[in-house]
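A quick write-up on the structure given underneath.
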Amino acid sequence: MNETDRGHWGSRLGFIAAAAGSAIGLGNIWRFPYITGKFGGGFFVLIYILLLIFVGYPVMNSELLLGRKTQLAAVGTFKKLAPGTPWVIVGFMGVLAGFVILSYYSVVAGWALAYMFKSGVYMAVGADHGGIFVSSITSTWGGIFWHSVFMLLCIAVVAGGVEKGIEKWSLILMPVLVVLLIILIIRSVTLPGAGAGLSFYLTPNFSNFSGAGFLAAVGQVFFTLSLGMGCMITYGSYLKKEEDIPLVARYVVISDTAIALLAGFVIFPAVFAFGLEPGAGPGLTFITLPAVFAQMGAAGHIFGFIFFTLLMIAALTSAISLLEVVTAYSIDEMKFDRKKATIVAGVLIWALGLFPTLGYSTLSHIKLIKGMDLLDSFDFFANNMLLPLGGMLTAIFIGWYWGTDKALEEANISASRKLGSNYAFLIKYVVPIAIFVVFLNSVGLLG
Ligand code: TRP
């Protein structure tokens, strides 16, 4: 297969929209605010930003340059650069992670779809928002229905190809996302009483921060930047040699961070203005926020609809990148054409997704890991084990096997500001050690 068959990004802006679209997702709008709430606000945000710079940015460059070097997805990349060695397993772990993450990501995105279409009912004044959330996730057919609709959307986009599917839709959806976010920020920070939320969010507070907060921040950096499973290797494989890797990596990291920080400006002022709890955990988005919208009266339905549309768009452009990892694997390694590859991958992931969906109803007796339901178990397995392990091995691969000199050469081909010895130092030492500590903790060895 020659290069044109496999597809390339049509423009730099298109690539940035797609890669930022992958990075900006539930991780920014659903996960970032609730873990920030849980670990005490300001100081957590500071640690998170330092980790983005010293761990996230070098790994983002690493994945992009590996993919561009080989022009292959994750499995093909490791096969080509380390033929006949077990390194290929890192590629397969990525494909597995793509399967597992998308299977439950689609379930959560399906909830967002349901909330979007039913905002009038769900955001009604005086409704029991916790009860509504529980009954909507425990409804067997409702869960299957919204998960299926969301997977169909993903399949439709990815089947369209790199430029005409993923890039085109990212260029349409990402600006919409930014506009919706700005509307919501303006509403939220102008609510009476919003100031308390702003000061919670922006004032460093050391008391709630602990070792666990540091670990959560490392995990969040990987999840939010779509790192550790070959997603950015796959997206990098559609980059041309003229593209400036360090520059586009900076754009992606900065836009992802900006959107996460801005999402905090929507959520905290609103939550505090109505006297609700910022540390509500995963329910912050689906229980606390609907309660906030309900208190805004009739306009709340509209703001609720806008918020869940925003969440759905963010999830969609991320989900397509997860599906693309599996699709690109079967295009490169099994020589499927794109339509067939997308449909086969999409249907298998949809089927796997029935487990986390039904984990709240028919299968609620199954507790896979540490007493967690199926969705949380899938999330734990992928985010706390596969992603950090994948990220650590990718860094070790470049730092200690393939060589940072070769990596620098590839990254710097068309770089305006070249990467140098700082990159090499971070990839060889800082990244593997930081992740190793997190990983030990996840598997429970640090107590
Ligand atoms: N980054 C996305 C988010 O923040 C999720 C995601 C998409 C992802 N592709 C990924 C996470 C690859 C890890 C690996 O919601």
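The values are calculated or read from the model by the stated rules, or taken from the named source; none is laboratory data. None of these values were measured; they are calculated from a predicted model. When we count neighbours, we look across all protein chains shown, and the Cβ atoms used for this are built from the backbone with ideal geometry, even at glycine. The accessibility values were calculated without ligands, DNA or RNA, using every heavy atom of the protein model including side chains. Shrake-Rupley method; radii C 1.70, N 1.55, O 1.52, S 1.80 Å.
If you go through segment 391-403 and keep only what is surrounded by 23 or more Cβ atoms within 10 Å (Cβ to Cβ) and closer than 12 Å to L66 by Cβ, you end up with T394, A395, I398. Taking the condition hydroxyl-bearing (S, T, Y), buried (at least 24 other Cβ atoms within 10 Å of the Cβ) and farther than 30 Å from A73 by Cβ, does T224 pass? It is false that T224 is hydroxyl-bearing (S, T, Y), buried (at least 24 other Cβ atoms within 10 Å of the Cβ) and farther than 30 Å from A73 by Cβ. Restricting G279, G283, G264 to residues that are modelled with pLDDT of 90 or more, open to solvent by less than 50 Å² (accessible area, probe 1.4 Å) and either away from the ligand (no atom under 16 Å from the Cβ) or in contact with a helix residue (DSSP H, G or I) (Cβ under 9 Å, 6 or more places away or on another chain) (or both) narrows the list to G264. Screening the candidates A196, A216, A212, A249 for the property of being among the hydrophobic types (A, V, I, L, M, F, W, C), open to solvent by less than 10 Å² (accessible area, probe 1.4 Å), touching a residue at least 24 places away in the same chain (Cβ under 8 Å) and not in a loop (DSSP other than H, G, I, E, B) yields one hit, A249.
For every residue, the table says whether it meets (1) within 19 Å of the chain's Cα centre (by Cα); (2) modelled with pLDDT of 95 or more; (3) among the basic types (K, R).
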{"position": "V45", "(1), (2), (3)": "yes, no, no"}
{"position": "I53", "(1), (2), (3)": "yes, yes, no"}
{"position": "Y57", "(1), (2), (3)": "yes, yes, no"}
{"position": "L65", "(1), (2), (3)": "no, yes, no"}
{"position": "R68", "(1), (2), (3)": "no, yes, yes"}
{"position": "Q71", "(1), (2), (3)": "no, yes, no"}
{"position": "V75", "(1), (2), (3)": "no, yes, no"}
{"position": "K79", "(1), (2), (3)": "no, yes, yes"}
{"position": "P83", "(1), (2), (3)": "no, yes, no"}
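Checked against (1) at pLDDT below 95; (2) part of a helix (DSSP H, G or I); (3) not basic (K, R), V430 passes all but a single condition, namely (1).
Selection of first residues in segment 122-147 that are within 17 Å of L284 (Cβ to Cβ) and of second residues that are outside any helix (DSSP H, G or I) and aromatic (F, W, Y), restricted to Cβ pairs under 6 Å at least 6 apart or on distinct chains, gives the following pairs, ordered by first then second residue: I137/Y360. Scan segment 223-238 for residues that are over 15 Å from L323 (Cα atoms), within 6 Å of the ligand (Cβ to nearest atom) and of a type in the set (A, V, I, L, M, F, W, C) and report the count. Qualifying residue count for the region: 1. Scanning segment 90-116 for residues that are more than 12 Å from G353 (Cα to Cα) and of a type outside the set (G, A, S) yields V90, F92, M93, V95, L96, W111, L113, Y115, M116. Considered as a group, the residues in segment 366-411 that are small (G, A, S) and under 22 Å from P86 (Cα atoms) include one that is farthest from the ligand (Cβ to nearest atom), and that residue is G403. Checking each residue in segment 106-148 for being of a type in the set (V, I, T) and more than 20 Å from the chain's Cα centre (by Cα) picks out V121, V125, I132, V134, I137, T138, T140, I144. Scoring I254 on the criteria (1) free of Cβ contacts under 8 Å to residues at least 24 places away in the same chain; (2) open to solvent by less than 20 Å² (accessible area, probe 1.4 Å) leaves a single failure, condition (2).
Just to be sure, is P290 more than 22 Å from the chain's Cα centre (by Cα), at pLDDT 90 or above and away from the ligand (no atom under 16 Å from the Cβ)? No; evaluated as a whole, the condition is false for this residue. A single entry from A424, A411, A351 fulfils the requirement of being small (G, A, S), open to solvent by 10 Å² or more (accessible area, probe 1.4 Å) and farther than 23 Å from L96 by Cβ: A424. The C-beta contact set for segment 7-33 (first residue under 14 Å from L262 (Cβ atoms) and more than 6 Å from the ligand (Cβ to nearest atom), second residue open to solvent by 10 Å² or more (accessible area, probe 1.4 Å) and assigned to a helix (DSSP H, G or I), distance under 6 angstrom, 6+ apart or interchain) comprises A20/S255; I24/I259. Filtering segment 82-95 to residues that are among the hydrophobic types (A, V, I, L, M, F, W, C), in a helix (DSSP H, G or I) and open to solvent by less than 10 Å² (accessible area, probe 1.4 Å) leaves nothing. Which of the residues that make up segment 314-341 are within 12 Å of the ligand (Cβ to nearest atom) and of a type in the set (A, V, I, L, M)? Residues satisfying the conditions are A314, A315, L316, A319, I320, L322, L323, V325, V326. Exactly one residue among L153, L113, L171 is within 16 Å of the ligand (Cβ to nearest atom) and closer than 22 Å to G14 by Cβ, and that residue is L153.
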